Amino acid sequence: MGTEIRVQQDDFSVADEYQQLAQESSCGAVVTFAGLVRELAEGQLDAMTLEHYPGMTEQVLADLVAQARGRWQLGQVTLIHRVGRLALNDQIVFVGVAAPHRKAAFEAAMFIMDFLKTQAPFWKQEHTTDGSYWVAAKDTDQAAATAWQDD
C-alpha cells in the first residue's frame, strides 16, 4: 500500500497508471479519474497555464491522500497533476485509487479530487481569444469539499 504523488509538465498514460494500480492482489477495485482541459462556456479557450508552489504542493497532495487513508481502507494511490502550458483536451490531473472494495475506491477518489480543487496550491491562468486571466476559486468546488465534513 503506497502513495505516488507527481507534479509534472509531462503528460501521463492512464493505461500505464491503471496497470500499476491493478498490480495489488489485495485490492478488488481500481477507480481512476483523469481531468482534461475543457472549452469555456464564456469564450474560446486557446490554452491554460497552471502554476504551483513547489514542495508545498506535493505536501498538500500527500496530506489529502493521508486524510483519505484515514477514512477508507485503501491500497495504492496515485495522484498526478500537470503544470505548465496545456492545450484544449490535454490531461491535467489523474487520481487513481486501489481498494479492497469499490465503494471505498470511488469515495476516496472523489474526496481527493474535491479537496485538491480547494486546498492544493495551484493557480490557473486561462488564455482565450479575448485575453488572459487568472481563474478565481469557485463556490461549487468549496461546496463539494464542505459536503465531506458532514460525513
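The values are calculated or read from the model by the stated rules, or taken from the named source; none is laboratory data. Keep in mind the model is a prediction, meaning the values are calculated, not measured. Positions of Cβ are generated from backbone atoms using ideal geometry, with glycine treated the same way; all protein chains shown enter the neighbour counts.
Of note:
- Sole exception among (1) of a type in the set (V, I, T); (2) in contact with a Gly (Cβ under 7 Å, 6 or more places away or on another chain); (3) surrounded by fewer than 18 Cβ atoms within 10 Å (Cβ to Cβ) for I92, by number: (3)
- Answer from R38, R82 - the residue that is closer than 20 Å to S132 by Cα and either modelled with pLDDT of 95 or more or within 13 Å of the chain's Cα centre (by Cα) (or both): R82
- Residue in segment 67-74 that is in contact with a Phe, Trp or Tyr (Cβ under 6 Å, 6 or more places away or on another chain), of a type outside the set (S, T, N, Q), crowded, with 20+ Cβ neighbours inside 10 Å and outside any strand (DSSP E or B) present: yes
- The number of residues in segment 100-145 being among the acidic types (D, E), modelled with pLDDT under 90 and surrounded by 13 or more Cβ atoms within 10 Å (Cβ to Cβ) comes to 2.
- Some residue of segment 77-86 being of a type outside the set (V, I, T), buried (at least 19 other Cβ atoms within 10 Å of the Cβ), in a strand (DSSP E or B) and without any contact (Cβ under 8 Å) to a residue 60 or more places away in the chain: yes
- Restricting segment 41-74 to residues that are within 19 Å of F12 (Cβ to Cβ) and small (G, A, S), the residue that is modelled with the lowest pLDDT is A47.
- Qualifying residue in segment 43-54 (condition: surrounded by fewer than 18 Cβ atoms within 10 Å (Cβ to Cβ) and under 14 Å from the mean Cα position of the chain (by Cα)): no
- When F111 is tested against the conditions (1) farther than 25 Å from T140 by Cβ; (2) touching a helix residue (DSSP H, G or I) at 6+ places or on another chain (Cβ under 7 Å), the lone failure is (1).
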